[in-house]
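Accompanying notes for the structure given below.
The values are calculated or read from the model by the stated rules, or taken from the named source; none is laboratory data. Just so it is clear, the structure is predicted and the values come from calculations on it, not from any experiment. FYI the Cβ positions are ideal-geometry reconstructions off the backbone, even for glycines, and counts take in every protein chain you see. Side chains are part of the model used for accessible areas, which takes the heavy atoms of the whole protein and leaves out ligands, DNA and RNA. Shrake-Rupley method; radii C 1.70, N 1.55, O 1.52, S 1.80 Å.
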Amino acid sequence: MLINYCYIACFCIVFEVGMKYNVAESHTLQPTKGGVLQVHATKSNNLGIVSGMRHMLQEGGVRSLWRGNGINIIKIAPESAIKFMAYEQLKRLIHSDRNRDLTIGERFVAGSTAGVISQTAIYPMEVLKTRLALRRTGQYSSILDAAIKIHKHEGAKCFYKGYVPNLLGIIPYAGIDLAIYETLKRMYLTRHSQVEDPGVLVLLACGTCSSTCGQLASYPLALVRTRLQAQGTMAAGSTQETSMVGMFRSIIQTEGVTGLYRGIAPNFMKVAPAVGISYVVYEHVRRYLGVTMT
């Protein structure tokens, strides 16, 4: 069964990575999910999507727009495979009564738990992706070089920086994303009982809507996680909060509550359509491989 989900994950990679490339060319910060704005944008410097992209091009050229994408591609396969497999297995465990559909609350629990499992398994690669995306030109020669240097200077614990806010954020994000996606899809199929396949546009709309809802609920924690992960890339002498609570307090004091949503615009522009497309690919490849859903 895991092999089937790995196949599905590989197909999702091709489409999701392709979508990220296209969105990157449409003035989003592809490699970091808005990471440059999340880490460097403040109330005073007025760094936005266009100015942030201009800064990246000046600092590292066109290639800087794809910083961290190599490790991003590597981590998507196990992350997606583990998440979808865990989600289906957890739904089967929760679904004791086969004569009824799962409730949205049960789907939320299954989705949240699946998200926690997949993120825990690949989290060091998540940290490495953030560091590579925010690196200076010439700082690291490869993914392995980055891992060795980061470990040498900051120790193994560095690869779990931001893990707690990431875990707290993935619970609402994965839970809401998967639960709303399946609920919307089943609502459509119930109202259109004569239709077996919802179609690409319906699946894309369901995936985009579910991802958007998940991001709205979890974005402040994702912002804090990224800033904690990015420690070590900041300029020498700059004050850095090392705890989740301290980072929250610092952001609110210096930027206000709106600072907790810094960089959400490029995040929406990239992740929502990318996740929507990954769901479309997942559904079609799942049916092709004969994997049934609970």
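Regarding Ser96, is this residue out of contact with any Pro (no Cβ under 7 Å at 6 or more places or on another chain), among the polar types (S, T, N, Q), under 30 Å from Thr292 (Cβ atoms) and surrounded by 16 or more Cβ atoms within 10 Å (Cβ to Cβ)?
In short, no.
Can you say whether Val271 is under 15 Å from the mean Cα position of the chain (by Cα), under 30 Å from Lys157 (Cβ atoms) and crowded, with 19+ Cβ neighbours inside 10 Å, as far as the supplied structure shows?
So Val271 fits the description; yes.
Starting from residues that are of a type in the set (Lys, Arg) and under 21 Å from Gln215 (Cα atoms), keep the ones in the stretch 139-193 and report whichever is least open to solvent (accessible area, probe 1.4 Å).
Result: Lys185.
Which condition from (1) surrounded by 19 or more Cβ atoms within 10 Å (Cβ to Cβ); (2) modelled with pLDDT of 90 or more is the one that Pro198 breaks?
It fails just one condition, (2).
Among Gly246, Gly214, which is modelled with pLDDT of 85 or more, small (Gly, Ala, Ser) and crowded, with 17+ Cβ neighbours inside 10 Å? Explain how you work it out, then say what you get.
Details: Gly246 fails: crowded, with 17+ Cβ neighbours inside 10 Å.
Only one candidate passes the filter, namely Gly214.
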